[in-house]
Structure formats: structure tokens, C-alpha cells
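The values are calculated or read from the model by the stated rules, or taken from the named source; none is laboratory data. Remember, predicted model here, so these are calculated numbers, not experimental data. Here the Cβ positions follow ideal geometry from the backbone for every residue, glycine too, while neighbour counts run over all protein chains shown. To get the accessible areas, we keep the full protein, side chains included, count just its heavy atoms, and leave off ligands, DNA and RNA. Shrake-Rupley method; radii C 1.70, N 1.55, O 1.52, S 1.80 Å.
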Amino acid sequence: MGILKKMTCTQESTYNGWQQFTLENDQGMVVQFLDYGGIITSIQVPDRNGKLENVVLGFEQVSDYSHNTNYLGALVGPVAGRIAQAAFEINGQTYSLEKNEANHHLHGGSNGFHQVIWQAAPFETAQTVGVRLTHRHPAGLDGHPGNLDVAVTYTLDQNNAFTITYEAVSDQDTVVALTNHSYFNLSGNLQDTVHQHQVTINSEKFIELDADLIPTGQVLPVAGTPFDFQQGHYLADGIAAAHEQNVTVGNGYDHYFLFRDPAFQAQVLVTEKQSGRTMTIETNQPGMVMYTANALTEGMPLAGGTSKNYLGVCFETQASPASLELDTIPSVKLAAGERYEKKTVFTFGNL
Ligand code: G6D
């Protein structure tokens with residue numbers, strides 16, 4: 001077998017000394033990200049004619065990531081999603097966090113992983129290139145118990161698969177739910193909104209939300225609703241739906257879907273007919289938030305266009321902080337010394 005060795009990982013200094021890494025494989029697929037927030041700034045993959053275009057939302061100017069209130073491309077933690085009333089209980093003790101969205105805690109608050117500078121160590125193997133990002137979230141920083149050591153690895157292979165592995169360990173019982181907040185748009189270079197993205201999800205249940213986007217405590221069956229993606233349908237169907245849950249989140253989706261079986265496997269398929277692009281998501285996470293950018297800040301200068309609602313869709317594979325109130329779903333709790341090991345693979349192809 002010939003050794004394919006055009007794969008490269010290059011590094012350059014950008015705004016504020018942030019390092020930007022560029023992974024490239026033999027097919028020309030490119031993934032770019034920053035050590036700041038582990039932010040994925042661009043993913044270029046071929047359409048059905050082999051034309052490489054960017055399929056994630058990213059700012060035109062790198063400096064704009066210093067005020068990334070929509071979490072474009074960011075690595076999110078220690079707990080992605082909303083912690084109701086910004087407090088949780090472990091072993092009978094209550095821990096209080098910053099209230100950065102109404103009375104709630106969203107996406108790790110101001111000490112969140114989306115705005116720390118990660119230690120970055122590039123590596124290569126015979127068939128992959130990647131970068132391992134590490135960070136210590138120290139005890140006492142923001143109300144979380146324990147020192148949390150985190151490693152997130154971004155790896156590109158020769159089959160247009162981009163893998164994110166998440167590892168964490170804490171010296172005290174704590175809560176962890178890591179994810180990536182890339183907004184995908186397979187039309188390429190923002191040619192279209194995501195209405196015509198067809199999505200299939202291995203999920204029979206989703207979590208109901210209240211007007212604050214906080215779980216009500218109800219886990220609802222998808223059957224017979226716009227939340228049933230088991231046979232695949234267009235995002236447009238839910239964006240336009242009169243279903244109370246679509247309307248509650250601003251017309252669309254911002255919901256946690258529980259996967260039928262959480263073992264590592266393909267859980268999500270996304271296709272976009274115009275470009276011919278497809279994306280398969282394999283993961284060992286127990287579910288994901290699908291967010292159709294119903295409340296994306298409008299008018300931001302992005303690479304390839306200007307932001308507006310529904311310009312991207314996030315597939316935030318993770319455990320849900322709703323588990324802090326609901327013991328029937330997989331938990332975000334991590335025991336002292338226990339190893340958190342999660343993996344999500346985004347593989348790009350063509351119809
Ligand atoms: C998340 O679920 C949330 C959204 O509600 C939020 O607006 C976004 O991140 C920035 O996916």
C-alpha cells in the first residue's frame with residue numbers, strides 16, 4: 001500500500017497571538033481552528049463536482065471571535081447547555097455558578113472553555129494529522145468542584161472524517177458535558193440557509209423546554225411530531241411548524257434528542273441535495289442538541305456572507321444538563337478519578 005503523505009498540519013499566528021491550525025488531507029479537505037476556545041473557523045469539503053467550499057459559519061475577521069456570543073465553532077464546557085437556576089447538587093452539597101442567561105448558567109459562563117487558550121500539541125500518524133488541546137479548569141474558579149483536566153483532540157483522516165475526542169478527569173465528583181458548537185451549512189460558502197438540509201436522527205425521544213429554554217422535566221416521544229427525524233425530513237418542516245415546542249424556541253429546533261442506543265455508531269445523517277454534500281455523525285454521546293440558529297445575531301460579517309437566522313445548524317453531541325433534574329436520562333455527573341471519554345466523528349461525502 002502506498003504511503004499517502006501529503007497530509008499536513010500548519011500553524012500560524014493570528015490576532016492577539018492566537019494560533020490558527022490548518023489540517024489538510026490528500027483530497028484537499030481542510031479543517032481550520034484556533035487554540036483560543038478550540039474554535040473551528042472553517043471546514044472545506046467537496047461538493048458533488050469536487051468543488052471545495054466552507055461548510056461551517058466563521059467570522060470574516062479572526063478578531064471577532066473575542067466577542068463570540070453565538071459560540072461559533074467553539075468548544076463548549078465544562079457543561080454545555082443550560083443549568084437551571086445556575087445551581088446543581090452533588091453528594092448533598094449545592095454548587096452555584098454564574099447566572100449568565102437570565103437566572104440560568106449557559107455554556108460554561110465567562111470561564112467557559114470557548115474563550116480559554118488551550119495548550120496545543122500537533123501530531124501526525126501514517127493516515128492522520130491532528131492537534132491535541134489541553135486545559136486545566138482549576139478548583140474554585142467558578143463554583144465547580146475540583147480541578148478538571150481536559151484534553152480535546154481534533155484529527156483529520158484521509159477519508160474526509162474529522163474526529164473530535166474528549167477526555168476529562170477530575171479530582172472531585174463534578175459535572176462535565178463537552179461539545180463543539182459548529183454551525184454547519186452544507187450548501188457551501190453560505191449559498192443558502194439550512195431549510196433544505198435533510199436530517200435523519202436515531203432518536204425516539206426529546207426533552208420538552210419551557211419559555212426560558214429550560215427542560216420542563218418531560219421527555220416526549222417524537223412520534224407524530226416535527227421532532228420525528230427517524231425517516232429523515234427537511235429542517236424547513238420544523239421551522240415552519242405550528243408545534244408548540246418549535247414555536248417556543250423561536251420557530252425551529254433548540255432541543256435535546258436522546259439517541260435510541262448510546263453505543264458508538266452513526267446517529268445522524270445530513271444531506272443537502274443542491275450541493276450533493278452529506279455529513280454523517282458517529283458518536284458515543286447519549287444524545288445531542290440540534291439548534292437551527294433561530295436566534296443567531298443578525299448582520300455579523302462572516303466568511304462568505306452576513307449572519308441571519310437559520311444560516312447554520314448545530315449538532316451538539318453531549319449528555320444533557322437536564323439530567324441534573326431528571327434521573328431517567330444519561331447523567332452529566334463525573335465521579336472523582338473517573339475517565340470521561342467521548343468521541344464524535346463528522347464524515348463528509350456526496351450523494
Ligand atoms: C445553544 O441551545 C443553545 C441556544 O439556545 C443558544 O442560543 C446557542 O447555543 C448560542 O445551542
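The table below gives the values:
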quantity	calculated
Separation of the Thr134 and Ala263 label points, Cα + 7 Å toward Cβ, nm	3.3 nm
Gain upon complete extension [Leu220, Tyr95; 0.36 nm per residue less C-alpha separation]	42.1 nm
Theoretical FRET efficiency, 1/(1+(r/R0)^6), r = Cβ-Cβ of Ala87 and Ala295, R0 22 Å, to 0.05	0.35
Modelled FRET efficiency - R0 25 Å, Arg48 with Glu341, Cβ distances, 0.05 increments	0.10
Cα pair distances exceeding 23 angstrom across the stretch 201-351, given as percent	40 percent
Most mobile listed residue (Asp142, Asp210, Asp173) in the chain, GNM with C-alpha springs under 10 Å	Asp210
Relative contact order (%) - criterion: Cα under 8 Å, at least six apart; region: the stretch 185-249	35 percent
Accessible surface of the chain [probe 1.4 Å, protein heavy atoms]: carbon and sulfur percent	47 percent
The stretch 45-98: GluC sites (Glu not before Pro) falling in loop per DSSP and having at most 13 other Cβ within 10 Å	Glu60
Longest DSSP-loop-exposure-free segment, trypsin sites (Lys or Arg not before Pro), the chain, at most 16 other Cβ within 10 Å	100-259
DSSP bridge orientation in the stretch 51-191 - percent antiparallel, rounded to nearest 5	95 percent
Long-range amide H partners of Gly312 with built H, under 5 Å	Val194
The chain - charge dipole about Cα centre, Lys and Arg +1 at Cβ, Asp and Glu -1, debye rounded to 20	680 debye
Violating pairs (Cα-Cα greater than 32 angstrom) within the set Lys6/Lys333; Lys99/Lys273; Lys308/Lys333; Lys205/Lys342	Lys6/Lys333; Lys99/Lys273; Lys308/Lys333
Residue-normalised accessible area of the chain, expressed per residue, 1.4 Å probe, Å²	38 Å²
Dipole in debye (nearest 20) - the stretch 261-351, about Cα centre, beta carbon charges: Lys, Arg +1; Asp, Glu -1	280 debye
